[in-house]
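Q: The structure follows.
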Amino acid sequence: MPRHAGEGRRIDSPAGPPHFVITFFGNRSLAVQDAEAQGVEHGRGALEMAAKSLLARESAIYEARRPLSRTAWNAGKDKSAGFYAGVPLHWMTDWPMPFPMVLRYAQGARLEDIDGHGLVDLCLGDSAAMFGHAPAPVAAALAARAAGGLSAMLPTQDSDIVGRLLSERFGLPFWQVATTASDANRFALRVARALTGRKVLLVFDGCYHGAVDDTLVDLRDGRTVTRPSLLGQAVDLSATTRSIPFNDIDALEAALAPGDVAVVIAEPVMTNCSMIQPQPGFHAALRRLTRAAGTLLLIDETHTLSSGLGGYCAVHGLEPDIFVAGKAVAGGVPAAVWGFTADIAARLDTVRAASPGGHSGIGTTLSGSALQLACLRACLEEVMTHDAYGRMTAGAERIAAGLEASIREIGLPWHVTRVGARLEIVLRRQPLRNAVDARAAASHAIEAALHLALLNRGYLVTPFHNMVLVSPCLSPEQADGFVEAFADAAASLAAEAGSI
Ligand SMILES: Cc1ncc(COP(=O)(O)O)c(C=O)c1O
């Protein structure tokens, strides 16, 4: 599920009062000055006002077209029992539409709702369906395994094959399976602390690594604080987690200097706070400084698997100690993998041998199941292929070029950035360096209006910051259609802003 809903939402797509919400064009409030200092342009106030009226118009269109989804929503909402908030997971009400669209089916790059509207899917379940919905080899593996037993807490004949495939694909020798990427991160962090005997974790401001308590902190005025949106948080996370700005090598050096950091957990490109690319030399410094400090490096590739075969680490030659990937890795069936070096494996042997036995804090009953192994195998062998990545990257390049051209033609102060098949429309001209830049550039009003305008034109993008993900199933015609829909929506936004 989207990191920006629930836990991450207030960070990624400010709906509330943070300093970057600007109200009136020409009113140079402190908020406007703050945003301008971060590179957000003068016309933002007018664009935001225009976005609010665009959102109202698009919401009305959405509602009028979806009587069945609306009836389902009202029935769910008004019930005195059943799903809380009317949906199986409350995040589903955080999308910008007036009520959730009820899905009938999803196949390849397309989905259809119960009102009969077909959509081209560029959200892809926030990456779970990165390689397209319902890939045939995974569906076949699933059916075969369902007939032969889904979960017995025993390895199957797929185990050896999948272990070898993971090593070949991602370059690390040893692997374990979890059920979600959140779990994989949690287990890997636990191991890092156990091996180093250190308590502190280092994260980058604006990060999201799943529902992993230890990572859910923010950097505010130079201090690490527990993320205010967390429900029921009992301990002050800043006691054992340190947050620093991405791309800040001096801050990294200072944070590692006390020698108490067990592990740095990082996305190689930050994708959960708009999209923040690493500056040249940043990853080399991260590796050099962590090694010098005796700190482990965990690279979370759950989203950056979009980079190409083997993920960002393979494409860019990074050398993590621990690697995590989830969501799409078994074609959308709940599974995640975490891999590590031979050195980590040897140290883990020592630590486990010295432990009294019993619960390790690593596990969950359904992890490593026959079902997961079968689907991991099908995905690695037949779905997540060189050829699939070729089509994904070509589609994303085509879309990025089209979006950039529209943005220039319309004269919007925005740009597009990309990690392989995943791209992001950033609402300022210059690249983002860190989460402070990302928060200043974000606009809930503009993002929501664009999202709904694109949906009404037949294209579903990821909610909140409108991340676009290209599956191998997307045709060049669909890619061009998306660019046209964006140009149309953005032009009407700009025209309305110009008349304010
Ligand atoms: C980078 C990253 N890691 C881990 C996760 C957690 O994935 P899951 O929600 O499947 O546990 C997410 C979720 O969005 C993510 O973006």
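Each reported figure results from applying straightforward, stated rules to the coordinates on display, with no laboratory input. Since we're looking at a predicted model, the values are computed, not measured. Cβ placement follows ideal geometry from the backbone for every residue including glycine, while neighbour counts extend to all protein chains displayed.
Q: Shape of region 246-403 from its Cα gyration tensor (a ≥ b ≥ c, root eigenvalues): rounded if a/c is under 1.5, otherwise prolate when a/b > b/c, or oblate? Write out the running numbers ahead of the final one.
A: Values: a/c = 2.37, a/b = 1.11, b/c = 2.14.
Oblate is the answer for region 246-403, as a/c is 1.5 or above yet b/c matches or exceeds a/b.
Q: On to the next question. Quick one: which residues, 5 or more positions from Gly308 or on another chain, have an amide H under 5 Å from its amide H? H modelled 1.01 Å from N in the peptide plane, none for Pro or chain starts.
A: Sorted by chain and number, the residues that satisfy this come to none at all.
Q: Moving on. Starting from the amide H of Arg242, placed 1.01 Å from N in the peptide plane, find each other amide H under 5 Å away whose residue is 5 or more places distant or on another chain.
A: Residues meeting the amide H criterion: Leu201, Leu202, Val203.
Q: Could you check what % of the DSSP bridge pairs in the chain are antiparallel, to the nearest 5?
A: Values: 29 of 46 bridges.
Looking only at bridges with both residues in the chain, the antiparallel portion is about 65 percent.
Q: Taking 0.36 nm per intervening residue step and subtracting the Cα-Cα distance, what contour gain separates Arg57 from Ser80 on full extension?
A: Working: separation 23, 0.36 × 23 = 8.28 nm, distance 3.21 nm.
Result: 5.1 nm gained on full extension.
Q: Within 10 Å of each residue's Cβ, count the other Cβ atoms and sort Glu447, Glu319 from fewest upward. Spell out each step's value before the answer.
A: Values: Glu447 26, Glu319 14.
So the residues, fewest neighbours to most, are Glu319, Glu447.
Q: Can you sort Phe83, Phe486 by how many other beta carbons sit within 10 Å, fewest first? Numbers along the way, then the final one.
A: Details: Phe83 13, Phe486 25.
Ascending Cβ contact count within 10 Å gives the list Phe83, Phe486.
Q: What does the charge count near Leu460 come to, summing +1 for each Lys or Arg and -1 for each Asp or Glu among other residues with Cβ under 13 Å from its Cβ?
A: Numbers: positive: Arg110, Arg457; negative: Glu112, Asp113, Asp121, Asp126.
Neighbour charge sum, excluding Leu460 itself: -2.
Q: What is the chain by shape, rounded, prolate or oblate, if you read a ≥ b ≥ c off the alpha carbon gyration tensor as root eigenvalues and call it rounded for a/c under 1.5, prolate for a/b larger than b/c, and oblate otherwise? It would help to have the intermediate numbers written out before the result.
A: Numbers: a/c = 1.68, a/b = 1.25, b/c = 1.34.
It is oblate, given that a/c is not under 1.5 and a/b is not larger than b/c.
Q: Now for a separate question. Convert each backbone phi in region 130-141 into a coupling constant with the Karplus relation 6.51 cos²θ - 1.76 cosθ + 1.60 (shift: θ = phi - 60°), then list the ³J(HN,Hα) values in order as whole Hz, x for Gly and Pro.
A: Values, residue by residue: 3, 9, x, 6, 6, x, 4, x, 6, 4, 5, 5 Hz.
Q: Which order do the peptides 290-300, 160-170 come out in when sorted by mean C-beta neighbours inside 10 angstrom, highest first?
A: My ranking of the peptides, most packed first, is 290-300, 160-170.
Q: While we're on this one: Suppose only helical runs count, i.e. DSSP H with n ≥ 4. What mean residue ellipticity at 222 nm does that imply for the chain under -39500 (n - 2.57) per run, divided by all residues and rounded to the nearest 500 deg cm²/dmol?
A: On the way: 16 runs with 204 residues, N = 500.
Value at 222 nm, helices only: -13000 deg cm²/dmol.
Q: Give the relative contact order (percent, whole number) for the chain; include only Cα pairs under 8 Å separated by 6+ residues.
A: 24 percent
Q: Rounded if a/c is under 1.5, else prolate if a/b is larger than b/c, else oblate: which is region 136-383, with a ≥ b ≥ c the root eigenvalues of its Cα gyration tensor?
A: Values: a/c = 1.71, a/b = 1.54, b/c = 1.11.
Note, shape of region 136-383 comes out prolate.
Q: So, one more: So what J values fall out for region 339-350 if you push phi through Karplus, 6.51 cos²θ - 1.76 cosθ + 1.60 with θ = phi - 60°, rounded to Hz, Gly and Pro as x?
A: Whole-Hz 3J(HN,Hα) from phi for region 339-350: x, 8, 6, 5, 5, 4, 4, 5, 5, 5, 4, 5.
Q: What are the residues whose amide H is under 5 Å from the amide H of Arg428, where those residues sit 5 or more places off or on another chain and H is modelled from the backbone?
A: When sequence neighbours closer than 5 places are left aside, the close amide H contacts are His415.
Q: Give the order of Val468, Val416, Val426 when sorted by the count of other beta carbons within 10 angstrom, beginning with the fewest.
A: So the residues, fewest neighbours to most, are Val416, Val426, Val468.
Q: For region 136-383, give the share of DSSP beta bridges that are antiparallel, in percent and rounded to the nearest 5; count only bridges with both residues there.
A: On the way: 14 of 28 bridges.
The antiparallel fraction comes to roughly 50 percent.
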